[in-house]
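J.: Have a look at the structure that comes next, please.
The values are calculated or read from the model by the stated rules, or taken from the named source; none is laboratory data. All values reported here derive from a predicted model rather than from experimental measurement. FYI the Cβ positions are ideal-geometry reconstructions off the backbone, even for glycines, and counts take in every protein chain you see.
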Amino acid sequence: TPDLMAKIMSPIYSETLIQDISTMSAWQDLVNGGFRVVHRLIRATEWTGRRLAHEISCSEQAVSNLERILDQGSTASQTLQIQAIEILTELALDPPINLATETKEKLINKQLKVFLNEGTEENLKVTAGKTLALLSKTATISVCIMSKYNNIADQVTEMLDAKNKIIYRTIAAEILENLCTHHAMDTEHVRDTLLPKVTVQICLCNSNIYGFFSGECSDDAAIPIGIPTGKTGTGRELAESACGGG
């Protein structure tokens with residue numbers, strides 16, 4: 001009903017949202033629930049979802065609220081940060097919506113900071129990584145990421161380290177694949193710096209990079225990651241080559 005929809009949408013348009021969630025924990029829970037519904041609605045392909053996404057993107061107050069939530073540092077605000085990241089990602093990925101470049105950059109900054117920080121809470125870290133992976137699938141955004149963040153490929157590659165959880169390595173591999181697919185990286189840098197780090201993980205898994213995507217190890221599956229290695233072969237063959245075998 002219109003009245004119910006108005007209640008759901010009112011927090012995102014509120015001029016006092018940031019102040020309210022900072023002083024009232026109950027209000028924070030209410031806003032989080034409302035944001036979760038908003039995210040589901042704008043993901044829908046029906047007219048209502050498209051209309052809501054457009055209205056939110058055109059509201060300076062709504063976009064400002066979402067951006068300011070990204071800057072909240074308290075533990076209690078992490079659930080709201082997750083919702084804000086997901087909503088802004090949907091807006092950034094929607095072709096008819098021309099989300100401001102500055103807003104996209106703020107979102108990407110937050111995603112990178114959260115995903116690459118070792119001390120980040122897991123749910124927030126996974127959300128930041130997965131949404132960044134979604135954004136990096138888009139050619140224009142991927143090229144923007146690579147041009148603005150010079151060492152991003154190296155930083156993401158570090159996340160492939162075996163000390164990190166498999167979910168983080170999975171996400172890192174997806175991001176790296178997208179960046180390499182949409183951006184002409186220096187072949188020598190890929191060969192001498194990035195590829196060795198990737199193949200080390202192949203050795204540690206005694207398999208291939210497929211393990212990062214499925215959580216399983218398959219010795220004979222071809223490497224799916226879009227890195228211009230200049231080599232061909234199965235995971236086992238490349239792993240043996242990288243590790244000094246055959």
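J.: Restricting to segment 94-122, and then to whatever is within 12 Å of the chain's Cα centre (by Cα) and not charged (D, E, K, R), can you tell me which residue is nearest to Ile141 (Cα to Cα)?
T.: The extreme case among them is Ile108.
J.: Of everything in segment 47-88, what is surrounded by fewer than 20 Cβ atoms within 10 Å (Cβ to Cβ) and either in contact with a Phe, Trp or Tyr (Cβ under 7 Å, 6 or more places away or on another chain) or among the basic types (Lys, Arg) (or both)? Give them in sequence order.
T.: Arg50, Arg51, Ser59, Gln61, Arg68
J.: Residues in segment 24-63 that are free of Cβ contacts under 8 Å to residues at least 12 places away in the same chain and among the polar types (S, T, N, Q): how many?
T.: 2
J.: Could you list all residues from segment 76-125 that are β-branched (Val, Ile, Thr) and within 21 Å of Ala172 (Cβ to Cβ)?
T.: At the first step, the residues of segment 76-125 found to be β-branched (Val, Ile, Thr) are 79, 82, 85, 87, 89, 97, 101, 103, 108, 114, 120.
Across segment 76-125, the qualifying residues are Ile82, Ile85, Thr89, Ile108, Val114, Thr120.
J.: Do we find a residue being at pLDDT 85 or above, among the basic types (Lys, Arg) and out of contact with any Ser or Thr (no Cβ under 9 Å at 6 or more places or on another chain) anywhere in segment 142-163?
T.: yes
Quick grid of which residues meet (1) basic (Lys, Arg); (2) closer than 19 Å to Arg36 by Cα; (3) at pLDDT below 95:
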residue: Leu52; (1), (2), (3): no, yes, yes
residue: Arg68; (1), (2), (3): yes, yes, yes
residue: Ser77; (1), (2), (3): no, yes, yes
residue: Ile85; (1), (2), (3): no, yes, no
residue: Leu112; (1), (2), (3): no, no, yes
residue: Glu118; (1), (2), (3): no, no, yes
residue: Thr127; (1), (2), (3): no, yes, no
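J.: Within segment 44-53, can one find any residue that is aliphatic (A, V, I, L, M), assigned to a helix (DSSP H, G or I), farther than 23 Å from Asp94 by Cα and over 22 Å from the mean Cα position of the chain (by Cα)? Can you show your working first?
T.: The initial filter retains those residues of segment 44-53 that are aliphatic (A, V, I, L, M), namely 44, 52-53.
Then drop every residue that is not assigned to a helix (DSSP H, G or I), which leaves 52-53.
Next cut, farther than 23 Å from Asp94 by Cα only: none.
No, that holds for no residue.
J.: Return a yes/no flag: does segment 3-26 have any residue that is more than 23 Å from Glu102 (Cβ to Cβ), part of a helix (DSSP H, G or I), modelled with pLDDT of 90 or more and hydroxyl-bearing (Ser, Thr, Tyr).
T.: yes
J.: Checking the structure you have, find out if any residue of segment 13-31 is under 16 Å from Ala92 (Cβ atoms), among the aliphatic types (A, V, I, L, M) and surrounded by 15 or more Cβ atoms within 10 Å (Cβ to Cβ).
T.: We begin by selecting, within segment 13-31, every residue under 16 Å from Ala92 (Cβ atoms); these are none.
There is no residue in segment 13-31 that is under 16 Å from Ala92 (Cβ atoms), among the aliphatic types (A, V, I, L, M) and surrounded by 15 or more Cβ atoms within 10 Å (Cβ to Cβ).
J.: Restricting attention to helices (runs of 4 or more DSSP H) lying wholly within segment 64-154, give those where 3 or more residues are closer than 22 Å to Cys180 by Cα, touching a His at 6+ places or on another chain (Cβ under 9 Å) and in contact (Cβ under 8 Å) with a residue 24 or more places away in the chain. Please lay out each step first, then the result.
T.: Details: elements: 78-93, 101-116, 122-136, 139-148.
In segment 64-154, 139-148 are the helices (runs of 4 or more DSSP H) which contain 3 or more residues that are closer than 22 Å to Cys180 by Cα, touching a His at 6+ places or on another chain (Cβ under 9 Å) and in contact (Cβ under 8 Å) with a residue 24 or more places away in the chain.
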